[in-house]
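I have placed the structure first, in the form of structure tokens, so that the comments after it can refer back to it.
The values are calculated or read from the model by the stated rules, or taken from the named source; none is laboratory data. The model shown is predicted, which means the values in this text are computed figures rather than measured ones. FYI the Cβ positions are ideal-geometry reconstructions off the backbone, even for glycines, and counts take in every protein chain you see.
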Amino acid sequence: MPQIGSLWPRGGLWRHGDFLKLWTGETISQFGSHVTALAFPLVAILVLEASAFQVALLGVIEMAPFILLSLPAGVWVDRLRRRPILITSDVARALLLLTVPLAYALDALSISQLYAVGFLFGVATVFFDVSYQSYLPSLVPRDRLVEGNSKLEISRSGAQLTGPGLAGALIEALTAPVAVFVDAVSFLASAGFLLRIRRAERAPERSEATAKPSMRSELREGLAYVLGHRHLRWIAASTATFNLFGSVMFAIFLVFAVRELGLRPGVIGLVFAVGNVGALAGAVLANRIAARIGVGPTIVIGAAFGGGSLLYALAPASSPIPFLIAAQVLVSFGIPVYNITQVSFRQAITPERLQGRMNSVMRFIVWGVMPLGSLAGGALATAAGLRTAIWVGAAGTSLAFLPVLLSSVRSLRAMPEPYAEPLPSEGSAEGGMLGPTQLPAADEG
């Protein structure tokens, strides 16, 4: 009989103990998050009987911190060690979520509490996400970034595959507020694994020009780096387009599924669990696709799969399930292909001292549009009907690949080395996606 040690893969990051702890914690958290992603809005819909606009407003409030705090968060992340920020953010999110089942048990749950929890949860998520993407390049070698992002995306996709079905079953058996408890526990588990990472994190380095910087000067430097970069600005434009119109559609998608298509929570969870097989396939194949056709074409192809969202709008009330599953398979395949490739590219080219600000500027742009899309989706659904809002969102996400297709991004082939200081200017040779709560926004990874 072979020993366990002989069965464990030997190559790459499989032997990187600290990465495995990060990966394990994030995997547990992802499974819990996909439970809450369905359960949290269904608390509003089923328990509090919220209107379509109130549900859309909940999405706006959850994403508002990405507009208000992303840019300063990037500055703070570049000034501080990142692992303590990750741990604090996980614990804060766990405590916030625990208030929902507690208030439900005391018969004191209200839409106002959901708004407050959603906003504070978003604040913690801003700091976690900016720190998380900035921490990986300091934990693993740069030539392992694609492998690391691929493994993390496989976990995310696996959670998408099984999380919705688990969420639907938990909601029907235990109610939506109790299902939120699962995610709270998962965040505590994630924090526990992060605490066990032994690699000492170096204090952030500063260039001589920014030895004593102000918040404004550091913000300006981060903005100039992203917006002045001839590849990064078009990646941001493509991702923001997908997320803006995806938010129009998915802010009211669960309302549409429950009230117009007549689907129960368990059926909704099962539909997205089956459809999310595309996400797992995309996460597994992204690295191979990029190696075969190049970084730029892979980014373009991943974004082009957003056209599958038109099938959400085409789903008939009489038989919606095949359309929803097909749409989910297509769109969820494209998102990890796009995310793994473009996130790894961004991490690879950006100097260590700018990782936090680069990620925060990208987050500000590509997630900052999501509250606007959610608000527009709620207004459209109220004024013109649920299906009209779905159509507008689907049409916009289908065109999100155009910025990367029509720019220099499409010509990228291999993953480049990070730029040396001084940073390249515009004139230099190298210069300057969201589903129905179960489908991640572009640039989530």
Among the residues of the stretch 78-86, is there at least one that is among the aliphatic types (A, V, I, L, M), under 23 Å from R346 (Cβ atoms) and modelled with pLDDT under 85? yes
Picked from the stretch 338-354 (must be more than 13 Å from the chain's Cα centre (by Cα) and hydrophobic (A, V, I, L, M, F, W, C)), the residue surrounded by the most Cβ atoms within 10 Å (Cβ to Cβ) is F345
Are any residues in the stretch 142-162 under 21 Å from A291 (Cβ atoms) and among the β-branched types (V, I, T), and if so, which ones? V146, I154
Among the candidates L95, L71, residue that is surrounded by fewer than 24 Cβ atoms within 10 Å (Cβ to Cβ), among the hydrophobic types (A, V, I, L, M, F, W, C) and in contact with a helix residue (DSSP H, G or I) (Cβ under 6 Å, 6 or more places away or on another chain): L71
Condition check for G118: part of a helix (DSSP H, G or I) and surrounded by 21 or more Cβ atoms within 10 Å (Cβ to Cβ): yes
Please go through the stretch 263-288 and give me each residue that is over 22 Å from L58 (Cβ atoms), modelled with pLDDT of 85 or more and not hydrophobic (A, V, I, L, M, F, W, C), ordered by number. G278, G282, N287, R288
Taking the stretch 8-58 and keeping residues under 21 Å from A159 (Cβ atoms), among the β-branched types (V, I, T) and crowded, with 24+ Cβ neighbours inside 10 Å leaves V35, T36, V43
Return yes or no: is A283 in contact with a Pro (Cβ under 7 Å, 6 or more places away or on another chain) and within 24 Å of S131 (Cβ to Cβ)? yes
Checked the stretch 314-337 for anything within 23 Å of the chain's Cα centre (by Cα) and either over 16 Å from A286 (Cα atoms) or of a type in the set (S, T, N, Q) (or both); matches are L324, I325, A326, A327, Q328, S332
